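Here is the structure we will look at.
The values are calculated or read from the model by the stated rules, or taken from the named source; none is laboratory data. Everything numeric here is computed off the predicted structure, so don't read it as measured data. Cβ atoms come from the backbone with ideal geometry, glycine included; neighbour counts cover every protein chain shown. In case anyone asks, the SASA skips ligands and DNA or RNA and just uses the protein heavy atoms, side chains included. Shrake-Rupley method; radii C 1.70, N 1.55, O 1.52, S 1.80 Å.
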Amino acid sequence: MRFRLLQAISRFNIALGSVSGFATGLMMCVIVIDVAGRACFSSPLPLATEISVLLLIIKIFLGMAGAQATDSNFQVTLVIDLLSPRWRRYQRVFSLVVTLAAVAIITWLSIGYAITSTRQGESSFGVYPFPIWPERIILAAGLVFLVLQLVTDLIVTTLGGDEALKAGLPKHDASV
Amino acid sequence: MTMTDLTLGLALLGGMLTLLIAGVPIGYALLTAGLAGLVLTRPLPAAEFLLSTFAHSASAHLAYVVLPLFLFMGHMCFSAGIGHRAFDSARVWVGSLPGGLAITTVFACAGFAAVSGSSLATSATVAQVAVPRMLREGYSQAIASGTVAAAGTLGVLIPPSGLLIVYAISTDTSIVDLFLAGIVPGVMTALFYAVMLFGWVKLVPGAGPSHSIGRTSFRAKARAVVESWEIVILFLIVMGTIYLGIGTATEAAAFGAAGALAIVLFRGKDRWRIVWRGLIDTGVTTSCVFLLVIGAGLFGLALTTTQVPQHFTLWLTHFDLPVWQLTVVLLLPYLVLGLFVDGITMMLLTLPIIFPVVQHAGINPVLFGILVTKCAEIGAITPPVGLNIFVVKNTVPEIDLLQAFRGSIPFVLVELLIIGLLIAFNDIALVLL
Amino acid sequence: ETKLVYAGYITRSAVATTLDEWFMDQVEQRSNGRITFERYYSGALMKARDLFPGLTNGAVDIATGAPMAYNPQSYPLSNIMMPYITDKADAATKAIIELYGSNEEIKQEYERQGIKMLWSLAFPDGAIWSNRPIHEPEDLQGVRIRAVSGIGWAMEKLGASPVPMSFTEAVEALNRGAVDAVTNAPFDSGVNVGLPKVAKYATDAGRLGINGISVTGINKARFEGLPEEDQAVILQVAAEVPGQFAKVVNAAIEKAARRMVEQGGDIQVSVSTDAQAAKWKAAVADTLRGRYIESVSRVTKNGGAIYDQFVALVRKHEPDSTYTPGLEAYLKAAGKQ
Ligand code: NA
Ligand code: NA
């Protein structure tokens with residue numbers, strides 16, 4: 001395998017995605033405890049709302065790189081299915097370059113905002129204050145991993161090792 | 001509106017479509033076009049600020065928590081083999097009718113739809129049991145695969161529904177109302193399918209066995225209901241929580257997920273691997289869907305700043321169409337798009353432009369959500385991109401795609417009929433609200 | 001020629017937005033079209049949390065929002081409109097504007113963010129909409145109530161369980177019984193989202209009254225970069241907005257009251273006597289003042305003085321009030337009073 005480091009990056013991002021998976025379980029627990037508390041003892045779990053949203057952010061953004069690593073994103077394949085393997089590779093390079101450019105810009109700006117937000121101690125205010133800045137950091141971090149994955153995919157595709165790399169990774173289906 | 005705004009808006013749409021066709025994943029295509037749009041319509045610092053905050057403000061809402069929770073619930077039900085048991089129970093009830101196995105498949109899908117929010121999962125899960133058996137008992141490939149693909153779409157109409165959640169997210173419509181509004185049309189669709197299948201096997205020679213086979217006793221039927229207790233319980237947990245006011249939609253989703261998890265854990269075999277796998281798949285899917293939601297939101301925002309949606313609304317109101325005609329006009333793009341793209345993408349692509357018109361014209365947003373879902377169902381079983389058909393083909397590789405698409409034609413006609421009925425009699429959808 | 005980008009998160013029909021529209025129309029007119037506005041309502045450009053940071057950043061030129069609620073870390077002092085101070089929206093509005101004009105520390109809160117505050121308006125008074133009767137403070141024991149911010153503090157103090165869900169979710173939760181009560185909605189928005197159809201009871205809860213304000217600000221650098229005559233027009237119209245407020249808010253309350261009569265069915269409405277109101281206030285006033293002082297202690301030691309100054313200003317303006325609180329207006333419209 002020529003791309004040991006790159007494959008390690010992909011594997012790391014997929015593992016990160018499982019952290020995101022765990023957030024679902026936690027979310028479920030937080031909400032069930034909150035409702036049980038409210039229904040049975042008239043005492044809801046303080047900050048249940050805020051914690052659920054934090055978990056949602058973890059879920060969405062720490063899972064993005066993994067979704068890219070496993071090529072799970074929704075795609076219109078109508079036209080590219082008709083391409084020869086060689087053109088298919090050009091298409092994939094093009095797609096990755098475009099995506100990388102856009103995501104890198106958004107990532108850069110999100111990092112900037114995460115820093116601002118952290119400096120200010122950005123928080124929300126329901127009944128109790130709850131910090132928002134950790135969400136901004138998690139979001140930016142997730143995007144950084146996504147950029148890393150896109151770079152990885154771009155290098156591997158350009159050098160023609162894409163199929164070998166993906167073959168070594170688990171498969172996922174994103175469907176609703 | 002200035003000419004440059006219009007040009008810019010159209011350029012944005014064109015650029016985005018080009019990226020889509022070039023195979024850029026949909027979420028990224030939307031992000032890219034949205035980014036370009038904002039940079040072109042806003043002063044640079046404004047664009048920078050919007051881009052730096054957008055991902056968070058588009059996703060940090062408590063209401064969105066329902067999506068991963070229902071995804072997880074559906075996944076657990078899938079892994080726990082609930083689809084198979086739904087099939088067995090339905091078989092005892094309607095299996096003896098002419099075309100009984102196909103009708104059984106419809107009700108098995110309806111049953112599984114009550115615990116899963118996904119049309120693909122419903123098709124896939126029921127296809128495993130139903131299609132091989134139908135083929136063995138003399139049903140044509142067309143009827144076997146058409147039935148399971150079409151009935152699988154009930155997964156997004158009968159609550160819970162991932163598609164309705166996405167509609168709720170992108171239009172700020174009540175999830176609870178949408179879920180309630182899906183029940184009657186969902187059950188109605190299943191019944192219409194059943195009647196149509198009955199007619200099909202009677203009228204078309206070779207479609208499938210057209211005679212009744214031995215009836216089952218009432219006792220066996222009662223036992224079948226008891227044996228599908230998991231579906232009944234989970235559906236009651238979810239809809240009961242909402243309806244009896246034990247909790248909100250978010251909380252109902254958490255209960256449903258916990259219930260489904262409990263079922264998997266009590267089943268024993270391989271349970272921890274199943275749960276682990278379920279959590280990871282749910283994570284991946286959530287990220288993918290929200291990439292779409294965020295991308296579509298950014299694209300919608302860029303489009304808004306070109307004023308194109310606002311003027312589209314004004315333009316359409318000039319025609320002064322009666323509400324039902326306008327509704328039909330607004331649904332046409334969905335029928336066309338449905339040929340090529342999946343339901344979620346279709347909604348997220350179009351709602352920024354279409355939904356303002358819906359609001360302006362006073363079309364009931366809940367009803368419109370159900371109608372769009374109906375169109376998405378049609379899209380899932382029409383060529384060239386018919387995801388449910390593909391899923392059936394994936395599950396049962398010997399199926400011929402052409403036969404499968406041919407088999408979905410009668411279902412598409414039934415769907416169109418139901419859409420007509422929903423427009424003519426809004427109460428079919430809204431009666432439970 | 002100047003085009004200013006305006007963004008707000010409040011719905012189009014709300015009083016604050018109506019006045020924003022009036023302001024923009026007037027400015028466009030009086031500047032003979034030199035100034036125009038690109039308008040985004042209901043969070044179409046930015047969500048509530050992003051509005052004031054966006055204003056600081058120059059992503060919008062003019063914004064109406066509630067920075068004390070959504071960006072409490074940057075605007076702690078502005079969170080002064082606590083419940084149980086007054087139920088007169090016009091008096092509260094005059095007091096808040098006077099406070100901003102005279103209190104250097106509050107003014108600094110905006111200056112520091114590069115924002116010039118144009119005006120601030122009280123949201124109409126709130127009520128508790130519930131599925132069980134609430135007359136005395138004791139009736140709140142164990143009640144699950146949707147409440148945020150200052151009312152959340154008050155409800156907690158009175159023994160209720162405040163649940164901070166979103167407002168739309170709250171209406172549904174009340175309808176299905178997942179919570180016993182909902183509060184924090186200005187009367188007119190409460191009626192507009194259909195609370196009278198959902199709730200069995202509505203009460204002024206001992207005149208909990210006004211409990212939130214909206215702030216309209218302009219990016220300072222942008223403002224100072226405008227030609228002087230344009231600045232003058234903006235300031236002139238902005239100064240007239242509070243005068244328009246009384247008229248617009250009274251009309252909005254009357255309209256909402258009539259709508260509530262039409263759709264309210266058999267909802268039971270109760271308003272407090274002076275004696276009852278005094279009892280509620282006594283139960284929570286110190287707590288709220290204390291929580292305010294505590295929440296601003298990070299930036300100033302003068303929290304108590306600012307709070308007292310504000311209350312004194314409210315008292316000064318209350319005698320001239322022409323405002324009828326929402327549920328009173330309803331009782332009048334329904335011929336029950
Ligand atoms: Na479903
Ligand atoms: Na299709």
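With charges set only on the Cβ (+1 for Lys and Arg, -1 for Asp and Glu), what does the dipole of the protein assembly as shown come to about its Cα centre, in debye to the nearest 20?
On the way: 67 positive and 68 negative charges, 531 e Å.
So the dipole magnitude of the protein assembly as shown works out to roughly 2560 debye.
Summed over both chains, the contact between B and A buries some 5200 Å² of accessible surface at a probe radius of 1.4 Å. When you restrict to C-alpha pairs under 8 Å that are six or more residues apart and normalise by the size of region A:4-167, the relative contact order lands at 30 percent. Only aspartates and glutamates eight or more places from C:Lys255 in sequence, or on another chain, were considered; those with a Cα closer than 12 Å are C:Asp188. The dipole here belongs to chain C: it is taken about the Cα centre, uses +1 on the Cβ of Lys and Arg and -1 on the Cβ of Asp and Glu, and is about 600 debye. Of all DSSP-defined beta bridges confined to the protein assembly as shown, some 55% are antiparallel rather than parallel. When a 1.4 Å probe is rolled over the protein heavy atoms, the share of accessible surface on the protein assembly as shown that falls to carbon and sulfur comes to 63 percent. Accessible surface computed residue by residue for region B:1-154, with neighbouring protein chains in place and a 1.4 Å probe, gives 26 Å² per residue. Across region C:12-83, C-alpha contacts under 8 Å between residues 6 or more apart give a mean separation that, scaled by the residue count, equals a relative contact order of 18 percent.
Could you work out the helix-only [θ] at 222 nm for the protein assembly as shown, with each DSSP H run of four or more residues adding -39,500 (n - 2.57) and the total divided by the number of residues, to the nearest 500 deg cm²/dmol?
On the way: 40 runs with 624 residues, N = 946.
Dividing the helical sum by the residues of the protein assembly as shown leaves -22000 deg cm²/dmol.
Measuring heavy-atom accessible area with a 1.4 angstrom probe and counting protein chains only, none of the residues of region B:256-272 gives up at least 40 Å² relative to the chain alone. Placing +1 on the Cβ of every Lys and Arg and -1 on the Cβ of every Asp and Glu, with nothing else charged, gives region B:133-258 a dipole about its Cα centre of roughly 740 debye. Going from the chain on its own to the full set of protein chains, region A:10-29 has these residues losing 30 Å² or more of accessible surface (heavy atoms, 1.4 Å probe, no ligands, DNA or RNA): A:Ser18, A:Gly21, A:Phe22, A:Thr24, A:Met27, A:Met28. Count the net charge of all other residues whose Cβ sits under 13 Å from the Cβ of A:Val30, scoring Lys and Arg as +1 and Asp and Glu as -1. Computed value for this residue: -1.
Just want to confirm a number: the relative contact order over chain B, from Cα pairs under 8 angstrom separated by 6+ residues, in percent.
Numbers: 700 pairs, mean separation 110.2, N = 433.
Relative contact order of chain B: 25 percent.
Residues of region A:71-85 whose accessible area, computed with a 1.4 Å probe over protein heavy atoms, drops by at least 50 Å² once all protein chains are present relative to their chain alone are A:Asn73, A:Phe74, A:Val76, A:Leu78.
Counted over chain C, the DSSP beta bridges are approximately 50% antiparallel. An oblate overall shape is assigned to region B:286-433, the ratio a/c of its alpha-carbon gyration tensor axes (a ≥ b ≥ c) being 1.5 or greater and a/b not exceeding b/c. One Cα centroid belongs to region B:321-388, the other to region C:229-272; the line between them spans 38 Å.
How much area per residue is accessible in region C:38-80 when the probe is 1.4 Å and only protein heavy atoms are counted (Å²)?
On a per-residue basis, 20 Å².
The trypsin sites (Lys or Arg not before Pro) of region A:1-103 that DSSP puts in a loop, and whose beta carbon has at most 13 other beta carbons within 10 Å, are A:Arg2. What does the charge add up to near B:Ser210, with Lys and Arg as +1, Asp and Glu as -1, over the other residues with Cβ less than 15 Å from its Cβ? Value of the local net charge: 0.
For the cross-link pairs C:Lys247/C:Lys279; C:Lys47/C:Lys200; C:Lys107/C:Lys316; C:Lys94/C:Lys247; C:Lys220/C:Lys247, which exceed 24 Å when the distance is taken from alpha carbon to alpha carbon? From the list (C:Lys247/C:Lys279; C:Lys47/C:Lys200; C:Lys107/C:Lys316; C:Lys94/C:Lys247; C:Lys220/C:Lys247), the Cα-Cα distance tops 24 Å for C:Lys247/C:Lys279; C:Lys47/C:Lys200; C:Lys220/C:Lys247. Using the 1.4 Å probe convention, the accessible area of region A:4-167 works out to 42 Å² per residue with neighbouring protein chains retained.
Report the local net charge at C:Val311: Lys and Arg +1, Asp and Glu -1, summed over other residues whose C-beta lies under 12 Å from its C-beta.
That sum, taken over residues with Cβ under 12 Å, equals +2.
For region C:82-150, applying the loop criterion from DSSP together with a ceiling of 15 other beta carbons within 10 Å to the trypsin sites (Lys or Arg not before Pro) yields C:Arg112. Can you list the aspartates and glutamates whose alpha carbon is less than 17 Å from that of C:Lys336, not counting same-chain residues fewer than 8 positions off? Within the straight-line limit of under 17 Å, C:Lys336 reaches these aspartates and glutamates: C:Asp204, C:Glu254, C:Glu262, C:Asp266, C:Glu328.
Taking Cα atoms only, the orientation of helix C:303-317 departs from the longest principal axis of chain C by about 80 degrees.
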